[in-house]
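First up is the structure itself, then whatever we jot down about it.
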Number of protein chains: 2
Amino acid sequence: MLRCDELGAISDEPGRLTRTFASPAMRRANKLVGSWMRKAGLQVREDAAFNLLGRRNSERRGAKTFLLGSHLDTVRDAGNYDGPLGVLTAIATVQLLRERGVKLPFNLEVAGFSDEEGVRYHTTCLGSRALAGTLTAADLARIKEKQIVKARRRQGEFLGYAEVHIEQGPVLEKNNVPVGVVTAIAGQSRLCVEFHGVAGHAGTVPMNLRHDALAGAAELVLAAGCCGALATVGKLEVAPGASNVIPGHAALTLDVRDQNDPRRLAAVRLLHAKAKIIARRRGLKLTWTPVQQTSAVQCDKALTRIFSRCIAQRGLEVLKLTSGAGHDAAALAAICPVAMLFVRCKGGISHNPAESVNTTDIAPAIDVLADFIQTLATRHA
Amino acid sequence: MLRCDELGAISDEPGRLTRTFASPAMRRANKLVGSWMRKAGLQVREDAAFNLLGRRNSERRGAKTFLLGSHLDTVRDAGNYDGPLGVLTAIATVQLLRERGVKLPFNLEVAGFSDEEGVRYHTTCLGSRALAGTLTAADLARIKEKQIVKARRRQGEFLGYAEVHIEQGPVLEKNNVPVGVVTAIAGQSRLCVEFHGVAGHAGTVPMNLRHDALAGAAELVLAAGCCGALATVGKLEVAPGASNVIPGHAALTLDVRDQNDPRRLAAVRLLHAKAKIIARRRGLKLTWTPVQQTSAVQCDKALTRIFSRCIAQRGLEVLKLTSGAGHDAAALAAICPVAMLFVRCKGGISHNPAESVNTTDIAPAIDVLADFIQTLATRHA
């Protein structure tokens, strides 16, 4: 926790925490975290994508590598834990394993990824995707540092990847447990929806002759609330937007997430059908524009089961949950099995200086991660 | 109609029609309309409130006065008919009565009021309220031309007031009739409503743990649609307003109108109760702020009955409707019985250069108004 605070003081902006891809603050952060890695017995380097990598080789020849980590970049005006907590618990775990005198049949590597939030280029997970080798031409067109493709690692090099991260949601707190196992990272559909009606005088157009775009939008907002997936209308704009004018136009965003892709797509289809019915009934024109779509990433069942057992062996309740937010683990899933451990955070608040984690929740996270690595070691012995 | 066009060219702004209280364009308009009044045999003057008044005295000594008219000011970027049509049909009616050789047992006066829209001072009906003597200290505090109070007319001077106006709504067009009788000018409640919830990550907060301010607002929008009165949510603003953030705050305007004050107030109470239930169920905080309230004005039953009979005698369907918009007639109702005749307009469009009236609808309006005055004359004979 002290390290989280020390790291949280390293920012590109005075007075608030903002640390972006390949920035001066990121370089200083890598230097500081690198020194902590060394203290834990890791060999430290920075790869071509500015990822900070600390490595402890196995004595076994030709051993594969198990990767731990998270990201060291932040959003603008960030809290201290989103990202850094995962890197620092990984380092603490390595140190704990060393203290326990544990020998591993695989190499252990800790990554502090250089970009997950995507503040600098609006293209997320540049660091972990460079390492996984899944950057696209579109990504490279947007960035200056083309050499980051060289950070790509060897096919089949990794046994797996495990990431500790704050939940950024209220479920663990609500259930009063310090840590939880992530079963999947949700897929996401983002859409823009517009209802085009007829603006009119609020005093002269009878209710039954109206084509009120906002009334149509309101019906869709409520339909989103019961579509069977996690659905959010975060933005709604009404025109002309005067108190005595019937809205002629309403534009809204629709964000639909689910760990199960067919269920997410069914929810989107349901809402589209519903929007068409609303538009027809109210005499509105509907514009339905998909903006972005990402598939769900399933966490590895075997690794997730180990996490669950380690939690249970510590006498804690095993709570499984889906991550609605994206993570480096989703990028790593392209090249190896992944697992994630969530740590309870206060009020589900994240991407905010008010982000807060109980100090007493950190020990279980480190214990569980160390037990997890030791269990893996016995499996691969 | 040609006069409407000629008058519509007199503007304070180049390229669009805007004519405001006591402006240079208003002076030019009064001069032009005054010349038409003189041609119809009226004696013309401008009162202290810049109202243009044309008068034809009765031969009967001590006769009272019947007032016809509407306003000559406009909104910004106006159409040609909202206001002027009522003044010009009144002048045409006076001319028609002269052609018919009708003698009246009352004086006839035509008013072109100087301010109904309130563009200049954001305080409506300055002209007709000055004449009615109902200006308030708050009105006078906002205006430069304090002398307009001198436009106040003698108590009991008027027998009544009748106004022709475009409907500014779609009801007559929908029912395929050229003119309609107004039974009342609706009262109005204007409110600002806010729902305060908890902003959160669209991917991490489960539906059942959300306090989504927009979802609450959407329920109220739909409740407004079936509250029993004419209710409009014209403005809705959501914060923080990002596609991946659950809305923590939603602010909306509520405009509720009805010709029946108890029914309007009951609708507002119903919506308030509904908003409280919504807020409680969703864990939101509700702010409910009444902004403005005006009572309904009932048109005089006897005058309205005469309008209805005159319409029926011309072989037209008698359609009665409420005015949802305010009019000079509401100001005059403070000092005498009032009646209004609506003329069909295209698509209900008003306060817009696209405002349009069928030329063939004007003759019935003038005929009905002339018949109305003649009927009144026989009653007062």
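Here are the numbers:
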quantity	calculated
Filter result for B:ALA279 (in a helix (DSSP H, G or I) and within 22 Å of B:GLU109 (Cβ to Cβ))	no
Subset of region A:224-234 (residues that are at the interface with chain B (Cβ under 7 Å from one of its Cβ atoms) and either out of contact with any strand residue (DSSP E or B) (no Cβ under 6 Å at 6 or more places or on another chain) or among the hydrophobic types (A, V, I, L, M, F, W, C) (or both))	A:GLY225, A:LEU230, A:VAL233
Single condition A:ASP300 does not satisfy, out of (1) out of contact with any Pro (no Cβ under 8 Å at 6 or more places or on another chain); (2) open to solvent by 40 Å² or more (accessible area, probe 1.4 Å)	(1)
Some residue of region B:150-159 being open to solvent by 10 Å² or more (accessible area, probe 1.4 Å), more than 14 Å from chain A (Cβ to nearest Cβ), over 30 Å from A:ASP82 (Cβ atoms) and of a type in the set (A, V, I, L, M)	yes
Residues satisfying the stated conditions in region A:6-29, i.e. closer than 14 Å to A:VAL87 by Cα, surrounded by fewer than 21 Cβ atoms within 10 Å (Cβ to Cβ) and out of contact with any Pro (no Cβ under 8 Å at 6 or more places or on another chain)	A:GLU6
Qualifying residue in region B:330-348 (condition: closer than 21 Å to A:ALA215 by Cβ and of a type outside the set (Lys, Arg))	yes
Any hit, region B:354-361, residues being surrounded by fewer than 20 Cβ atoms within 10 Å (Cβ to Cβ), of a type in the set (Ser, Thr, Tyr) and closer than 22 Å to A:ILE246 by Cβ	yes
Hey, A:VAL75 farther than 15 Å from A:ASP328 by Cβ and outside any helix (DSSP H, G or I) or not	no
In region A:172-182, the residues that are in contact with a strand residue (DSSP E or B) (Cβ under 7 Å, 6 or more places away or on another chain) and part of a helix (DSSP H, G or I)	A:LEU172
Whichever residue in region B:191-206 is in a loop (DSSP other than H, G, I, E, B) and open to solvent by 10 Å² or more (accessible area, probe 1.4 Å) and, among such residues, is nearest to the other protein chains (Cβ to nearest Cβ)	B:THR204
Residue in region B:283-296 that is in contact with a Phe, Trp or Tyr (Cβ under 8 Å, 6 or more places away or on another chain) and open to solvent by 50 Å² or more (accessible area, probe 1.4 Å) present	yes
Residue match in region A:322-345 (condition: at positive phi and within 14 Å of chain B (Cβ to nearest Cβ))	no
Considering residues of region B:207-220 that are small (Gly, Ala, Ser) and more than 7 Å from every other protein chain (Cβ to nearest Cβ) only, the residue nearest to the chain's Cα centre (by Cα)	B:ALA217
Which listed residue, of B:PHE195, B:PHE158, is under 20 Å from A:GLY225 (Cβ atoms), among the aromatic types (Phe, Trp, Tyr) and at pLDDT 95 or above	B:PHE195
Pairs, first surrounded by 21 or more Cβ atoms within 10 Å (Cβ to Cβ) in region B:310-328, second among the aromatic types (Phe, Trp, Tyr), C-beta under 9 Å, six or more apart	B:CYS310/B:PHE372; B:SER323/B:PHE342; B:ASP328/B:PHE113; B:ASP328/B:TYR161
Among the candidates B:ASP77, B:ASP47, residue that is open to solvent by 10 Å² or more (accessible area, probe 1.4 Å), touching a strand residue (DSSP E or B) at 6+ places or on another chain (Cβ under 9 Å) and at pLDDT 95 or above	B:ASP47
Near pairs, Cβ below 6 angstrom, 6+ apart or cross-chain, from region A:57-69 (over 10 Å from A:GLU157 (Cα atoms)) to any residue that is open to solvent by 80 Å² or more (accessible area, probe 1.4 Å)	none
Single condition A:PRO240 does not satisfy, out of (1) touching a His at 6+ places or on another chain (Cβ under 7 Å); (2) at pLDDT below 95; (3) more than 7 Å from chain B (Cβ to nearest Cβ)	(1)
Residue identified as touching a His at 6+ places or on another chain (Cβ under 9 Å) and small (Gly, Ala, Ser) among B:ALA377, B:ALA325, B:ALA333, B:ALA339	B:ALA325
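So that you can scan it fast, the table gives a plain yes or no per residue for (1) assigned to a helix (DSSP H, G or I); (2) open to solvent by less than 10 Å² (accessible area, probe 1.4 Å); (3) of a type outside the set (Phe, Trp, Tyr); (4) at the interface with another protein chain (Cβ under 10 Å from one of its Cβ atoms):
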| position | (1), (2), (3), (4) |
| --- | --- |
| B:ALA111 | no, yes, yes, no |
| B:LEU140 | yes, no, yes, no |
| B:GLN168 | no, yes, yes, yes |
| B:ALA184 | no, yes, yes, no |
| B:SER189 | no, yes, yes, no |
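Here's the yes/no breakdown for (1) farther than 16 Å from A:THR183 by Cα; (2) more than 14 Å from chain B (Cβ to nearest Cβ):
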position	(1), (2)
A:LEU222	yes, no
A:LEU286	yes, yes
A:PRO290	yes, no
A:PHE307	no, yes
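The values are calculated or read from the model by the stated rules, or taken from the named source; none is laboratory data. In this text, all values refer to a predicted model and were calculated from it rather than measured experimentally. Ideal geometry is used to build each Cβ from the backbone, glycine not excepted, and the neighbour counts take in all protein chains shown. Ligands, DNA and RNA are excluded from the accessible area calculation, which covers all protein heavy atoms including side chains. Shrake-Rupley method; radii C 1.70, N 1.55, O 1.52, S 1.80 Å.
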